[in-house]
Every structure is written in C-alpha cells, then in structure tokens.
Amino acid sequence: MKTGVSVFPALVLLVMTSSLAQADAAAGQAAFESNGCQSCHYTQGPATEKTIADQLAKKGPELWYAGSKFQRPWLEAWLADPQPIRSMKFNSVMEPNPGGHAVLSADQVGPVADYLMSLRSDMVVDGAVKVKKKNLKGKLIFIKKMPCSGCHQFPTKKKFSGGLSGPSLIGAGERLNPDWILAYLREPKVFKPVKMMPVFVGVLSDKDMKNVAAHVATFK
Amino acid sequence: MTRLFLIALLIVALGPVFTGAAQAADGKALFGFYCAQCHGTEGEGDGPNVTGDFPVDPRNFTETAEMEKISDADIRNVIIDGGPIADKSPMMPPWGKTLTDAEIEALVGYLRQLCNCTGKTG
C-alpha cells in the first residue's frame, strides 16, 4: 500500500509531463504554421518526389522525419540562431548559400523544437549504431574508399576539409542521430527519393554502413 | 474542321522532333543535377567541390582530344561502377544504383554533345 501511495504521484507527474510535451508540440505546430515554415518545409510523409523537377521545385529540406534525424539540443540551438549547413543554396550547385534563414522568437523555439522532434520515421531503429570515440573502418571508407569527402566538409586535425555541394558534416556528431544516418544509407529513397548523393545500397555492406554512420557520429 | 485536321497533322508530324528535344534536355538536366557538383555546369571539370582539398582533377568533358580516346562503353562503365573500374579516383562515385539504364544512356549522349566527338568505337 505504501508503495502504491508513492507510485501514484510519480504516475501523475509522468502523465502531466507527457501531456505538457504534447501541448508544447501542438503550440509548436501552430507557431510553425503561423511563421509560414511549411511554405518551404513539408512535414507530411511519406516523400512523393519522383523526378529531378519534383526535387528542384522544393524550396527547402523536408522535415517530416526531423525528430528521427536531428538531436534535440542541436535543433533548439539552431532554431534560435540558424546558420547555413550547406555551403551552396538549397538545390543549387553554383549559387552560394546566402544565409538569412528566418528566425523564431525566443518563446517559439522550444515549442517548435518539440513539434519537430515529434515528427518521426519508423524506418529509424533506435540503438542500431554503436558510437565510440573512433571508428577506423568507417573513417577509411569515408576518406579513401568512397567519395564522401568529395561533397561533404568534415573536421580534420588541422581544421576541416572536403567538398561543398553536400551538407557540411562538421558538427554532425551533435546534429544528426547516428541511427538516422544508418537508416538514410540503408533506405535513401524513403527519405530523399531524388537527391544529388549516390545510392550506396548494393555498394556498401550493412556493416560498412554502420561503420560510416558511427564515424560520422564522431564529427565535432 | 479542316483547321483541326491540320493542327492534328502538325502534332503528329512534329512529335518526333519534340521527343528528340526532350531526350537531349533530359541528359542536360541529369548532368546539372548529378555531375555538375564536380564536373561543373558546363562540364569543364570545375564544379563547386573542386576546392584546394579535392585530390584529383575531375574530367573536363569539353576536351575533345581526350574524350576521343575513350569509348561510350568506357564512359558507361565509369558512371555505373565509379572511377576505380578504370583505375581512376574513387572520388568519381558509382552511380549504377542511382541511375536507370535510360538515364545513363542520356548522360553518355550528353557528354558526347559536350565534347563534340564520338569517341573510339568498341
């Protein structure tokens, strides 16, 4: 009985916390829509792009799996101070990213982060990638065997290196969920049916993909 | 009625012309989306990825003399399997799992437009 008494307030607290998060996600969705974010970012999956023209018609990255892709602390910090992730403008090969992404008011950042974190894909398996300080097999694939570094900036001992057409992977360890990186390599067409990055399914083994995801997760 | 018939006749007559133009545009669109990242929008090997860090020089497809030395099959193989299949850099990715056969053929055709050459046969 004594245990029952102490468990009850904990349960009430849990229910309250969970409904508060839902309330914040709902407020976040309202803020997302009132700021017009959906005019560039779609939030309803699954992806429907079929052609290059479909992809080029998009004005910004899709966010329907944002909660599976991003890490919450990074997302909140980025929403408060959005800086370019890709050197080039979205969908462009030649035009530099001008920056200047819309900024939310301080009271909207938390709820919008709650909303975006509620958008999840069941293709992402929690805990599939084991992240350690180093993953030398993944590093070898990333730098030497495969062309990843040709398009993605990444941190090096000196500073950073890599190409400009893909999203920068500097700080990817704080930005991306390692399990999403793996899911994206395994099922690229689920997330981005038409994209400038090659499909590595059938090129890399599942083990190689896990190593690459674990290596990218070490990027500071 | 006669006018309608003439319009219909014109559409039928010009159909192949429009289809041909659409195919050529397709190769160009594919090139701009996938290849220009490294090879540049004009195919001169100077895409945005070619910074000081880039370990090799992506091929300049407008160099007719160089492009004459390789066959369509050579181009096709490198697009499908990547640079290493021709002892070239792995910076050229394998696109075989990304592109359809028709898209690869359109790209081969577009590269031949860029070099204004036919390449060696066989």
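We did not get these values from a lab; they are worked out from the coordinates using the rules stated. Because the structure is predicted, anything quoted here is derived from the model rather than measured. When we count neighbours, we look across all protein chains shown, and the Cβ atoms used for this are built from the backbone with ideal geometry, even at glycine.
In this structure, B:Asn116 and A:Ala23 have a Cβ-Cβ separation that, at R0 = 41 Å, corresponds to a calculated FRET efficiency of about 0.05.
Counted as membrane-span-like here are DSSP H helices of chain A whose alpha-carbon atoms extend 27 Å or more along the helix's own axis and whose Kyte-Doolittle mean is 0.5 or above; these are A:2-34. Given the range A:89-174 reduced to its alpha-carbon atoms as identical point scatterers, what log10 I(q)/I(0) does the Debye formula return at q = 0.14, 0.24, 0.25 Å⁻¹? Summing over Cα pairs of the range A:89-174 leads to -0.81, -1.19, -1.21.
Close amide H partners of A:Arg86, meaning residues 5 or more places away or on another chain with modelled amide H under 5 Å apart, are A:Ser168. Taking 23 Å as the straight-line reach from the Cα of A:Lys133, the lysines in range (excluding those fewer than 8 positions away in the same chain) are A:Lys69, A:Lys144, A:Lys145, A:Lys157, A:Lys158, A:Lys159, A:Lys207, A:Lys210, A:Lys220. Only one residue of A:Ala172, A:Pro147, A:Gln38 has its Cα farthest out toward the positive end of the dipole of the protein assembly as shown, where Lys and Arg carry +1 and Asp and Glu -1 on Cβ, and that residue is A:Ala172. The residues packed around A:Phe191, meaning those with a beta-carbon under 14 Å from its beta-carbon, carry a net charge of +2 if Lys and Arg are +1 and Asp and Glu are -1. 3J(HN,Hα) along the range B:67-79: 6, 5, 6, 10, 8, 4, 5, 4, 4, 4, 4, 5, 4 Hz, from the Karplus curve 6.51 cos²θ - 1.76 cosθ + 1.60 with θ = phi - 60°, whole Hz, x for Gly and Pro. Please give me the summed charge of the neighbours of A:Leu204: other residues whose Cβ is under 15 Å from its Cβ, Lys and Arg +1, Asp and Glu -1. Result for the local shell: +4. Using only Cα positions of the range A:18-148, each an equal point scatterer, no hydration layer, compute I(q)/I(0) via Debye at q = 0.09, 0.22 Å⁻¹ and quote the log10 values to two decimals. Debye curve over Cα of the range A:18-148, log10 I(q)/I(0) at q = 0.09, 0.22 Å⁻¹: -0.34, -1.38. Sorted largest first, the spans of the alpha carbon positions of the range A:136-216 along the three principal axes are 35, 24, 23 Å. Residues in the range A:156-190 near a label at A:Lys133, defined as backbone nitrogen under 20 Å from the 7 Å Cα→Cβ point? Under 20 Å, as judged by backbone N against the label point of A:Lys133, lie A:156-159, A:171-174 of the range A:156-190.
Beyond 30 Å, the tail of the calculated P(r) for the protein assembly as shown holds 46 percent of the Cα pairs.
Given +1 at the Cβ of Lys and Arg, -1 at the Cβ of Asp and Glu and no other charges, the dipole of chain A around its Cα centre is 1400 debye to the nearest 20.
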